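For reference, the structure is listed below as structure tokens.
The values are calculated or read from the model by the stated rules, or taken from the named source; none is laboratory data. From a predicted model like this one, the values you see are computed outputs, not experimental measurements. No Cβ is skipped: glycine too gets one built from the backbone with ideal geometry, and neighbour counts run over all protein chains shown. With ligands, DNA and RNA removed, areas are computed over all heavy atoms of the protein, side chains included. Shrake-Rupley method; radii C 1.70, N 1.55, O 1.52, S 1.80 Å.
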Amino acid sequence: MSVKLHIKKGDNVYVLAGDSKGQTGKVLRVITKDNRAIVEGVNLVSKHSKPNAKNPQGGIEKKEAPIHISNLQLIDPKTGKGTRTGRKAGADGKLVRYSKKTGEEIK
């Protein structure tokens, strides 16, 4: 059974800790097994690549590395700032995420 996470693919998040602290970005992928997420433009690492057909020169490329979801906070769509999230039953009876700061439902 997988654990429900407070972050989904496509969410805009704020980085709370680490080298990329203070940056924001869009979640590209969530790795539930490791409780990590890959965020666009955040936690960049240098990857050395050998020459190949795609890149005949080879060299060093910047690439996003996974970051632990405990270091990420969802951005409230209303205020544009980070917010804690909760879950409550929506209009159709399903659980929906909501912002604890404004009470707004997060799509």
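Quick one: which of I38, I31 is at pLDDT 95 or above, of a type outside the set (G, A, S) and farther than 23 Å from V96 by Cβ?
I38
Just name the residue that is surrounded by the fewest Cβ atoms within 10 Å (Cβ to Cβ) out of those in segment 54-83 that are within 14 Å of the chain's Cα centre (by Cα) and among the charged types (D, E, K, R). The selected residue is E64. Restricting attention to segment 25-51, the residues that are outside any loop (DSSP other than H, G, I, E, B) and open to solvent by less than 80 Å² (accessible area, probe 1.4 Å) add up to 11.
Among residues of segment 70-85 that are within 14 Å of V27 (Cα to Cα), those with a Cβ under 6 angstrom from a residue that is open to solvent by 50 Å² or more (accessible area, probe 1.4 Å) and of a type in the set (A, V, I, L, M), sequence gap 6+ or separate chain, pair up as N71/L16; Q73/L16.
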